[in-house]
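Beneath this line is the structure, given in structure tokens, with notes to follow.
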Amino acid sequence: MPVVATAMPCRFQLYRHHDATGVSGTGVVAWGTVYPNGKVSLAWNGSRPSINIYESLADVTAIHGHDGFTQIIMCDELPLSVRAGAGASSSFDW
């Protein structure tokens, strides 16, 4: 069966410009995946790496945006259905 490109997960980096909490550091602090159903996974870097699952990019924004100190840098283009729900572009500044 062929793989349909639009059904594939999209990758992104969670880039932190300033670490307001002193926990995750700065730079690329996590790698993420947005799935075709809108769910998101984050694989965290650092001394205590973990993987977390979120319902949407909006949830990631609300939890990890830190008042504009964090940016999502997309590696792949989001499907239209996910973009509409996230107000997304190729990068997000919160």
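The values are calculated or read from the model by the stated rules, or taken from the named source; none is laboratory data. Quick caveat, the model's predicted, so the values are computed rather than measured. With ideal geometry, Cβ positions are generated from the backbone for all residues, glycine too; neighbour counts draw on all protein chains shown.
Taking the stretch 36-94 as the range and being of a type in the set (K, R) and at pLDDT below 90 as the test, the residues that pass are R48, R83. Confirm whether E55 is acidic (D, E) and free of Cβ contacts under 8 Å to residues at least 40 places away in the same chain. So E55 passes the test.
I'm trying to understand the selection: among the residues of the stretch 26-41, which are touching a strand residue (DSSP E or B) at 6+ places or on another chain (Cβ under 7 Å) and surrounded by 15 or more Cβ atoms within 10 Å (Cβ to Cβ)? Step through it out loud before you land on a result.
From the stretch 26-41, those touching a strand residue (DSSP E or B) at 6+ places or on another chain (Cβ under 7 Å) are 26-34, 39-41; that's our starting set.
V29, A30, W31, G32, T33, V34, K39, V40, S41, listed by residue number.
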